[in-house]
Amino acid sequence: QFFVFCHGLLQLSQLLVSGYLKSSISTIERRYGLSSQTSGLLASFNEVGNTLLIVFVSYFGSRVHRPRFIGCGAILISLAGFLMSLPHFITGPYEYDQSVASTFSNTTDLCQPRVPVSLGNLSDAGCAPHTARENHEVLLIMFLAQALLGIGGVPIQPFGISYIDDFASERNSPLYLGILYSVTVIGPGMAFMLGSAMLRFYVDIDKVTGDKVQLTNKDPRWVGAWWLGFLVAASLVALSAVPYFFFPREMPKEVGEMLQVALLTLHTNTSCFPLVLLRNLRHPVYLLVVLAQVNLSAMVAGLATFMAKFLERQFSLTASLANMIIGAVNIPGAMVGIVVGGAILKRFQMSLRQCSAMCVLGMFLCLLVAFPLLFLGCPTQKVAGVTYSESSEFGHHALECNLRCKCPEKAYNPICGSNAIEYISPCSAGCSVVNTDADSSVLNYTNCSCISENGLAGFAKPGTCGTSCSHLFLPFVVLSCLAGILASTSHTPSFMLILRSIQPEDKSFAVGIQFMLLRVLAWMPGPVLYGSAIDTTCILWGKKCDRKAACRYYDNNLFRQR
């Protein structure tokens, strides 16, 4: 029972490490200027290390000291977690464009017609050769950490389950495995909640004092303390790894009805390996169900990675709130669906045909509920020169209004004009005066030559105008949660279809192949495909040393539809 407790704890903290990355992905994109395709590849890269080794591990399962192997895997995972947060400590503080000169930047993005360009212009700031190299190092470290995370996770599930199944009584074994399974479902939800808690802190909380930070967490340039969660999760893993080095190689079996040792691991001879593989893949029910699961899993993998980012952009939420919604609403919804599906199965003792009918019904209802999500949202806010050109309304002068300002082309410090149009920076709106309060946070910008109201120069507030979609947020959350519940009711019946349609002696092998196919066809490519699709809807890319960085503005309608 102590082993089951430890294993539950370990699986939970392992999921915290891998799930936490998904919750902070939009923040890491912004901090290091990554495209969604790159961040999607990063998010699914742990599956690579995992898949390469999983076959060997399940094959050698019965011949090694399993608890010790699990302990070593856990230490690798904890190492991976600490590595993930390393980039924060080797790169300098996060820099963003400011209107008020501060301790680490004396440049400004106000309209300064009189100043010669050579002085403090932003466009070339921070483009020393080391910055570009720094970025390569960051990516290298993160990809390495993800690969380690995958490799470390290999022994945990198969060895833990077979160890429990070997030494638990037949009566208790299903209960223990059920406990572990429920932990694996709770884990991701807790990871998103951890993300929600950590992203409320400013990224450089350890490098700059609070009064120097001029951003609030509603500002589009805000970057939360993404690295903190990795430290927390990695420490938890390291802690739960300790007991594994003290478990024996074999335990006396719990007193049950029969004294037989049933190994979950593969005991097929290598000679008939291809035969069994062919026999299973030729089985139409098995093949179709696995392909259906692949499609569903690819969707889940992509959504888990980018759903928070979607909520942030579509409904102008903070990263912290978006994670909170996913961790507290969507993931528990999926849990409820899985439980309900299992309960219906048990209550009505369904045949195979009824199982498949239930899967089809669940997915069909899910599609019906999810269809309105295509329309729940609104277009990108009006951004001067990006999604909206003023020349059509004000004749010719609108384009020239900021020419005299000599704006740096890559400045990004969005402001919302009194005419409800957003400008990429105070300079592009032609603002020459900034008003601050006592602690040097910006109150508003005035004398803006591009924002004309009744012939007078207008003013602007710092921060983005945001989308006007807040009233659609609640219906979106309710519908997406419902769709998730309906889709996940088919989880258990689809497993039953697989387990009951193949020969008993192939069972563990078939499940192994199934997970293998899910990894290779769904969990790996899913986030990359979603990330690439999201990248195609970008209207304005940020620039970092002449290379494409994170996206500044998306076409929200396209983002939602794709």
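The values are calculated or read from the model by the stated rules, or taken from the named source; none is laboratory data. Treat the numbers as computed from the prediction; the structure is a model and nothing was measured. Backbone-built Cβ (ideal geometry, glycine too); neighbour counts: all protein chains shown. Quick note on the areas: whole protein, heavy atoms, side chains included, nothing else; ligands and nucleic acids left out. Shrake-Rupley method; radii C 1.70, N 1.55, O 1.52, S 1.80 Å.
General observations
- Amide hydrogen proximity for T91: with H placed 1.01 Å from N in the peptide plane, no residue at 5 or more positions away or on another chain lies under 5 Å.
- Efficiency of FRET between E505 and I141 - r from beta-carbon atoms, R0 60 angstrom, step 0.05: 0.85
- From phi via Karplus (6.51, -1.76, 1.60), per-residue ³J(HN,Hα) for segment 347-363 in Hz, x at Gly/Pro: 5, 9, 6, 6, 7, 4, 5, 5, 4, 5, 4, 5, 4, 4, 4, x, 5
- Solvent accessible area, Å² - C551, 1.4 Å probe, full protein context: 10
- The modelled label-to-label distance between R200 and V339, using points 7 Å beyond Cα along the C-beta direction, is 2.7 nm.
- Subtracting the Cα-Cα distance of R133 and Y388 from their residue separation scaled by 0.36 nm leaves 88.2 nm.
- Peptides 497-504, 509-516 ordered by average Cβ neighbours within 10 Å, highest first: 509-516, 497-504
- Once both labels are positioned 7 Å from their Cα atoms along Cα-to-Cβ, the gap between L540 and Q354 label points is 5.9 nm.
- Stretchable slack from L281 to K461, in nm (0.36 nm times residue separation minus alpha-carbon distance): 58.6 nm
- Given K218/K410; K461/K544; K382/K410, the pairs whose alpha carbons are separated by over 23 Å: K461/K544
- Approximating the spin labels as points 7 Å out from Cα along Cα→Cβ, the L53-to-L373 distance works out to 3.4 nm.
- For Y388, the residues 5 or more places off, or on other chains, whose built amide H falls under 5 Å of its own are V383.
- Close amide H partners of S169, meaning residues 5 or more places away or on another chain with modelled amide H under 5 Å apart, are E254.
- Two-site FRET efficiency, D555 against T446, from Cβ-Cβ distance with R₀ of 41 Å, rounded to 0.05: 0.85
- For segment 140-193, the Cα-based Rg and Dmax, in that order, read 14.7, 48 Å.
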